[in-house]
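Have a look at the structure below, then the notes.
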Amino acid sequence: MGGFCGRDDRVWAHVRTLRALTVVAGLGLTASVVWVSSSPPDATASPASAAPAPILSQYENASRSVGRDVGLSVPLPNGKELWIFGDTSVSVSNGSGQMVLSQFIPGATGAEGPFAAGQIPTSLAEVPSPGQPLSLSASNPPARFTPAPTNVYMPDGTGRPCAPPLAAYSARWASGAALIPNTSDVLITYGDACVVNATSFREEGWGFMEYNSITNALDVAPHDVFPPSPSGAALSSELELGSPVFSNGQVSLFSSVCTSLFVGCGAGQVYTTTLSSTVSSLSDPASYSVTTAATDGSSNWQPLGIAVASYSDAAFRMIETTAITGAYNVVTAPTPTGPWHVESSGLAPGCGGLLSGFCYALVGHPELSTSSQL
């Protein structure tokens with residue numbers, strides 16, 4: 001999951017009353033929309049109708065909107081949840097009925113607010129950059145959440161830094177986030193990316209950081225476990241890890257690759273690794289023994305993107321995006337390596353018949369799920 005979606009993206013969410021999914025998706029469109037649907041329990045069918053409603057932070061109003069890429073959520077010990085978004089833009093009204101770009105924040109921004117299972121979160125407040133006082137004021141503007149990298153290079157072998165005017169920007173894109181058990185810290189994994197322009201980018205490195213949700217500080221600063229190479233070479237797909245899931249003092253991470261892609265993913269592979277969740281282990285490249293994950297034959301892997309989490313009724317549940325049309329599989333497994341079984345398949349509501357844009361980067365949210373809603 002993740003990737004560069006452009007500056008006009010929004011985060012879309014949907015609650016569907018069946019064993020399908022609650023998703024946040026990066027879409028190349030210009031409106032934040034929530035679908036609340038009560039379709040019959042047919043896991044392969046999209047709702048007959050879906051009423052849109054905007055997902056807003058308190059910073060947004062009739063003359064100011066925020067566009068965001070992707071959307072990860074983490075329930076916190078204080079009863080709220082932290083949202084981590086990707087590249088973020090702010091647009092303001094020009095007084096003539098048009099919204100114009102006023103700010104672009106590469107990498108990630110954060111928001112925090114109350115939540116309840118089975119409901120789309122509201123009343124989100126933008127989180128100040130880590131290191132600033134944790135004031136969750138409605139007037140907070142979006143702020144950079146993951147510090148910008150300084151060691152990303154142009155993907156042309158020259159060793160030149162990935163920076164203007166040669167490139168648009170470099171960024172740390174969050175690939176997963178989860179609360180570290182018995183703490184207030186959130187483990188955040190990320191990829192180091194060089195964005196040359198709106199249609200060309202490369203992920204060159206991978207690492208993690210640990211965010212203290214009480215102090216709004218980084219208890220562990222960004223650490224590049226697999227740092228970018230001066231050659232600008234792409235990081236191996238199996239090392240583009242994310243979706244941390246904690247269990248018994250260990251953390252499992254996941255990655256994927258699509259080997260046959262045209263609109264949809266025809267074939268690919270999912271990878272996983274499990275290691276001690278200590279900082280020393282996470283910091284050691286030798287700790288990462290990446291292996292392939294297996295299916296039980298109910299479907300072949302089609303991972304355009306994946307998002308894995310632990311749910312109350314499933315130790316490991318994966319949302320596998322299979323096409324840029326919003327097609328997905330929901331698969332479960334007893335262990336990270338599998339066997340993974342297809343639970344349901346479908347098309348994210350609102351994605352059928354789009355006149356522009358795409359639906360991808362689908363993410364599940366266990367804390368928003370109920371016994372009948374996923």
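The values are calculated or read from the model by the stated rules, or taken from the named source; none is laboratory data. As the structure is a prediction and not an experimental result, all values here were calculated from the model. Heads up, the Cβs are rebuilt from the backbone with ideal geometry, glycines too, and the neighbour counts pull from every protein chain shown. Protein only, heavy atoms only, side chains kept; ligands, DNA and RNA dropped before computing areas. Shrake-Rupley method; radii C 1.70, N 1.55, O 1.52, S 1.80 Å.
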Amide H partners (placed H, <5 Å) of A167, local residues excluded:
none
Cut-off 12 Å (backbone N to label point 7 Å along Cα→Cβ of N300), residues of the range 268-286:
268-269
Rounded to the nearest 5, what % of DSSP beta bridges with both residues in the chain are antiparallel?
95 percent
State in Å² the accessible area per residue of the chain; use a 1.4 Å probe, count heavy atoms of protein chains only, and round to the nearest integer.
39 Å²
Note the full-extension length gain between S137 and N61 as 0.36 nm times their separation in residues minus their Cα-Cα distance, in nm to one decimal.
25.9 nm
Label model pair L355, R160: point-to-point distance (7 angstrom along the Cα→beta-carbon line) in nm is 4.0 nm
Where does the charge balance sit around Y271 when Lys and Arg score +1, Asp and Glu -1, over other residues with C-beta under 11 Å from its C-beta?
-2
Mean separation of Cα contacts under 8 Å, 6 or more apart, over the residue count of the chain: relative contact order %:
16 percent
In nm², the average projected area of the convex hull spanned by the Cα atoms of the range 291-374 is 5.8 nm²
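How large is the charge dipole for the chain, taken about the Cα centre, if only the Cβ atoms of Lys, Arg (+1) and Asp, Glu (-1) carry charge, to the nearest 20 debye? Don't skip to the end; give the middle numbers.
Details: 12 positive and 25 negative charges, 121 e Å.
I would put it at about 580 debye.
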Can you tell me the Rg and the Dmax, both Å, for the Cα atoms in the chain?
19.3, 57
Once you put a point 7 Å from the Cα of T259 and another 7 Å from the Cα of N151, both along the Cβ direction, what distance in nm separates them?
3.2 nm
Would you mind telling me which residue in S255, S277, S299 has the biggest mean-square fluctuation in a Gaussian network model of the chain, where springs connect alpha carbons within a distance under 10 angstrom?
S299
Accessible surface of the chain [probe 1.4 Å, protein heavy atoms]: carbon and sulfur percent
54 percent
Helix-only mean residue ellipticity at 222 nm for the chain, each DSSP H run of n ≥ 4 adding -39500 (n - 2.57), per residue, nearest 500:
-500 deg cm²/dmol
